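The values are calculated or read from the model by the stated rules, or taken from the named source; none is laboratory data. Given the structure is predicted, the values throughout are model-derived calculations rather than measurements. Backbone-built Cβ (ideal geometry, glycine too); neighbour counts: all protein chains shown.
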Amino acid sequence: MMKQKLKLRFTLNGEYVEVYVSPDQMLLSVIKDDLHMHGTKRGCEAGECGSCTVIMDGKAVTSCLIPAFKAQGAIVETIEGVGTPDNLHPLQKSFIENGAVQCGYCTPGMIMSAKALLDQNPNPIPEEIRTAIAGNICRCTGYVKIEKAIIEAAQELREEEAR
Amino acid sequence: MIREYVLSKTIEEAVGILTKNNGNAMVVSGGTDLAVDLRSESVKTEVLVDVTRIEGLKGITFDDGDVIIGASATMSEISTDERIKTSVSSLAKAAGSVGSVQIRNVATMAGNIVKAQPVADSSVMLVALGAEITIRGTHELKDILVQDAYITVGKSVVDPRKEIITKIKFKKPQKNQGTSFVRLSQRKALATPVINVGAMVSVKDNTIEWARIAMAPVDVKPVRATEAENFLIGKIPTENVFKEAGSLAVNNAKPVTHLVWGSKEYKLAVLPSLVARSLQEAIDEIETKGGMS
């Protein structure tokens, strides 16, 4: 039996995209294999490492577990939509300044989880930060620097907001 | 091989597609378990029927003493709902214990029930709450207790190739009733519990009128600590009574050794303390609500 590809329409990093995908494809595969955006990382593919985290309709999700058609009409944000090389997002700047990036494989997912938190809660307590990134595994940093980076980025974002 | 992914708009449409495909179509809600099962090919289907866009399955309602959780309400929605946090904080805690934020943002309690892993945090709490599910297939609507939804590990009475859960319903705990959820696990997130316990206690004239205690994983399904429950009836709630109930809970437990999630001996050793703690927390909640006279 032929696997029929069907049209999936959604908004990716502010741009409307149309792409033909298989009914068994996961969102991660559409982003990487079809749209060739490689910032989102493929890790465990079982929802346990968080490296494929993207924001869908305002919520952090592991894109390896999201059947692509769940994104029909959705607004999806990946690391490519966060800052630019010349104008980094406060989270990206803060991760670099705090040494919260080592090998870097978990970083895009970590930033997306942190951003989903700060978008909803601009002034999180450390416990809330830990909960937000509990689904993102980092084998390098030990998390202390990541937590500090998120606290400082939150502060920076609040100051930007006040200006 | 999956040949079709349908975003159903109504319950009737979803049931119709399942019926038409005669076993070759399957319901998907959050899909966090199913995605993994499909990849490993431990589950096979030709058509996936996504039910998360059906309006009638969404949201949480409080209606005339009942709490109704739509089948596609996510763990995140449930764990952060202010009304749930106020009146059934135990369920908010159980839902908030599942997986990680990313998982909770899509996973559902209905999915947990269909999947029938005995240790599923939300299901254990639902058993303690005496919750019921409504199942819709080609048959009439059917209401059954969550407790009776389990057949064995990984197998529930709900066949996702034939029927869907539409809602989960339980009585909102009254002022003289307290609930609690306690959990022992190796880390706070993405960790299968070593033991989890859900409890609900009702008091009258400062004595225990009845108690429901659900525990897992101590058998192939969440288990009621019936000996402890019977013992508690008519007792004045004290630390010693809770300890005694904890010891009795062991009589309904048949845990097995798991290399990662604890040995049989360890589980039996910690179970009494966790049961006692859950009862204490349920009573504390009644006191906080001013339900002890």
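You will find that of B:ALA211, B:ALA225, the residue that is touching a Ser or Thr at 6+ places or on another chain (Cβ under 9 Å) and under 21 Å from B:SER123 (Cβ atoms) is B:ALA211 and no other.
Annotation for the range A:39-47: at least one member residue is touching a Phe, Trp or Tyr at 6+ places or on another chain (Cβ under 6 Å), surrounded by 15 or more Cβ atoms within 10 Å (Cβ to Cβ) and more than 13 Å from chain B (Cβ to nearest Cβ). When each of B:ILE69, B:ILE84 is tested for being surrounded by 24 or more Cβ atoms within 10 Å (Cβ to Cβ) and either among the polar types (S, T, N, Q) or in contact with a Leu (Cβ under 9 Å, 6 or more places away or on another chain) (or both), the lone residue that passes is B:ILE69. Within the range A:19-36, the residues that satisfy the criterion of being of a type in the set (A, V, I, L, M, F, W, C) and away from chain B (no Cβ under 11 Å) are A:VAL19, A:VAL30, A:ILE31, A:LEU35.
Each row is one residue, and each column tells you yes or no for (1) surrounded by fewer than 24 Cβ atoms within 10 Å (Cβ to Cβ); (2) more than 24 Å from A:THR131 (Cα to Cα); (3) away from chain B (no Cβ under 14 Å).
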site	(1), (2), (3)
A:LYS59	yes, no, no
A:THR62	no, no, no
A:LEU65	no, no, no
A:VAL82	yes, no, yes
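Restricting attention to the range B:141-197, the residues that are in a loop (DSSP other than H, G, I, E, B), of a type in the set (Lys, Arg) and farther than 16 Å from B:VAL114 by Cα add up to 4. Of the helices (runs of 4 or more DSSP H) lying entirely inside the range B:63-110, those carrying at least 3 residues that are under 23 Å from A:ASP57 (Cβ atoms), within 14 Å of another protein chain (Cβ to nearest Cβ) and at pLDDT 95 or above are B:75-80, B:89-96, B:101-104. If you filter the range A:1-18 down to residues that are assigned to a strand (DSSP E or B) and away from chain B (no Cβ under 14 Å), you find that the one that is nearest to the chain's Cα centre (by Cα) is A:LEU12. Residues that are among the acidic types (Asp, Glu) and more than 23 Å from B:GLU163 (Cα to Cα) within the range B:28-83 comprise B:ASP63, B:ASP64, B:ASP66, B:GLU77, B:ASP81, B:GLU82, listed in sequence order.
If you filter the range B:174-209 down to residues that are among the charged types (D, E, K, R) and touching a residue at least 40 places away in the same chain (Cβ under 8 Å), you find that the one that is nearest to the other protein chains (Cβ to nearest Cβ) is B:ARG183. When the range B:3-40 is filtered for residues that are assigned to a loop (DSSP other than H, G, I, E, B), surrounded by fewer than 18 Cβ atoms within 10 Å (Cβ to Cβ) and within 7 Å of chain A (Cβ to nearest Cβ), only B:ARG3 remains. In the range B:244-267 there is at least one residue matching the filter, namely being at positive phi and buried (at least 18 other Cβ atoms within 10 Å of the Cβ).
Looking across the range A:131-152, the residues that are surrounded by 23 or more Cβ atoms within 10 Å (Cβ to Cβ), assigned to a helix (DSSP H, G or I) and within 12 Å of another protein chain (Cβ to nearest Cβ) come down to A:ALA132, A:ILE133. The residues in the range A:3-30 that are of a type outside the set (Val, Ile, Thr), more than 28 Å from B:SER40 (Cβ to Cβ) and surrounded by fewer than 20 Cβ atoms within 10 Å (Cβ to Cβ) can be counted, and the count is 7.
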